[in-house]
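A short write-up of the structure that comes next.
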Amino acid sequence: MSVLPPAHDKPRYVRDMFTRIAPRYDLLNRLMTGGQDVRWRREVIRLARLEPGQRLLDIGAGTGDLAREALRQQPAARVVAADFTLPMMQVGRRRAGAASIAWVAADALRLPFADASFDAVVSGFLLRNVADVRQALQEQHRVLRPGGRIVILETTRPPRGLVGALVRLHFRWVIPALGRLFAGDAQAYRYLPASSVHFLTAAQLAAHLAAVGFRRVGYRKRMLGTVAIHWAEK
Ligand SMILES: C[S@@+](CC[C@H](N)C(=O)[O-])C[C@H]1O[C@@H](n2cnc3c(N)ncnc32)[C@H](O)[C@@H]1O
């Protein structure tokens with residue numbers, strides 16, 4: 001049986017899973033990426049090119065790592081972190097610097113923000129968890145001002161060949177084992193790699209960005225082609 005939930009049940013499944021793993025999520029992230037995620041987050045925020053006073057939305061913020069990195073790089077930015085799993089944000093709100101971030105309960109498919117209310121929107125490992133990628137991108141496009149930037153950090157379908165085979169072995173055995181050991185939840189850490197294997201390729205995600213109206217779409221891959229950073233402009 002597939003470890004992926006059917007589309008209609010995905011929001012509930014995803015929210016329950018992140019509720020369970022919230023206390024250990026950040027630790028597991030560092031372990032699974034060998035600490036590389038910290039560098040990718042820096043890169044995402046650099047690509048958002050925030051200026052003093054500009055408004056940034058971190059959607060699917062979880063514990064707010066991207067939101068915090070934004071304030072580290074641009075302390076005068078106005079940063080909103082939004083997510084539909086409250087326990088993830090509760091963990092983030094206990095971290096240093098959390099008081100400088102506005103934390104908002106929000107569904108990425110129906111954002112509670114006015115049109116053109118942000119200068120930049122970023123997300124980290126959100127899109128493969130939503131029930132409708134196109135709708136999530138449309139919402140991010142709607143809340144951006146003209147000329148505003150979107151930057152997306154997400155896993156991407158592993159490449160073919162030897163590297164791909166090794167990555168799949170890592171996904172099938174190593175990540176669930178880490179999840180069992182450090183989060184007591186092998187099921188969640190079977191879902192996370194499975195959802196990567198079945199997610200869009202980087203080129204497909206770029207095509208979705210263009211289709212919802214973004215311009216100057218670009219991307220680069222990281223970590224043996226298993227992670228991609230996309231950027232574009234409204
Ligand atoms: C893998 S975590 C990533 C957290 C954080 N952005 C990071 O980079 O570590 C995915 C987050 O997306 C959130 N999420 C998934 N679907 C969502 C939706 N439809 N609306 C809002 N948040 C969602 C989950 O609750 C979870 O906190």
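The values are calculated or read from the model by the stated rules, or taken from the named source; none is laboratory data. These figures come from a predicted structure and were not determined experimentally. In this analysis, Cβ positions are derived from the backbone assuming ideal geometry, glycine residues included, and neighbour counts consider all displayed protein chains.
Tabulated results
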quantity	calculated
The stretch 19-50, residues that are closer than 22 Å to ALA228 by Cα and within 11 Å of the ligand (Cβ to nearest atom)	TYR25, ASP26, LEU28, ASN29, ARG30, MET32, THR33, ASP37, VAL38, TRP40, ARG41, VAL44
Flag for GLU139 being in contact with a strand residue (DSSP E or B) (Cβ under 9 Å, 6 or more places away or on another chain) and within 14 Å of the ligand (Cβ to nearest atom)	yes
Verdict on ASP115 being acidic (Asp, Glu), modelled with pLDDT of 95 or more and under 24 Å from ALA202 (Cα atoms)	no
Residue within the stretch 133-147 that is in contact with a helix residue (DSSP H, G or I) (Cβ under 8 Å, 6 or more places away or on another chain) and loosely packed, with under 14 Cβ neighbours inside 10 Å present	yes
Qualifying residue in the stretch 65-80 (condition: in contact with a Pro (Cβ under 8 Å, 6 or more places away or on another chain), closer than 24 Å to TYR219 by Cα and either modelled with pLDDT of 95 or more or more than 10 Å from the ligand (Cβ to nearest atom) (or both))	yes
GLY97 vs. criteria within 22 Å of TYR191 (Cα to Cα) and small (Gly, Ala, Ser)	no
Residue, surrounded by the most Cβ atoms within 10 Å (Cβ to Cβ), within the stretch 60-108, restricted to residues that are under 14 Å from the mean Cα position of the chain (by Cα) and part of a strand (DSSP E or B)	ALA81
So ARG30, is it surrounded by fewer than 23 Cβ atoms within 10 Å (Cβ to Cβ), out of contact with any Lys or Arg (no Cβ under 7 Å at 6 or more places or on another chain) and at pLDDT 95 or above	no
Conditions (1) more than 19 Å from ARG55 (Cβ to Cβ); (2) near the ligand (Cβ under 9 Å from one of its atoms); (3) surrounded by fewer than 21 Cβ atoms within 10 Å (Cβ to Cβ); number of the one not met by LEU127	(3)
Residue match in the stretch 160-180 (condition: within 18 Å of VAL133 (Cα to Cα) and of a type outside the set (Phe, Trp, Tyr))	no
ARG190 being in contact (Cβ under 8 Å) with a residue 60 or more places away in the chain, over 29 Å from PRO52 (Cα atoms) and basic (Lys, Arg)	yes
Cross-chain or 6+ apart pairs with Cβ under 9 Å, the stretch 23-34 first and part of a helix (DSSP H, G or I), then surrounded by 17 or more Cβ atoms within 10 Å (Cβ to Cβ) and acidic (Asp, Glu)	ARG24/ASP185; ASP26/ASP65; ASN29/ASP37; ASN29/ASP65; ARG30/ASP37
VAL174 being of a type in the set (Val, Ile, Thr), closer than 29 Å to VAL80 by Cβ and surrounded by fewer than 21 Cβ atoms within 10 Å (Cβ to Cβ)	no
Only one of ALA99, ALA105 that is in contact (Cβ under 8 Å) with a residue 12 or more places away in the chain and out of contact with any Pro (no Cβ under 6 Å at 6 or more places or on another chain)	ALA105
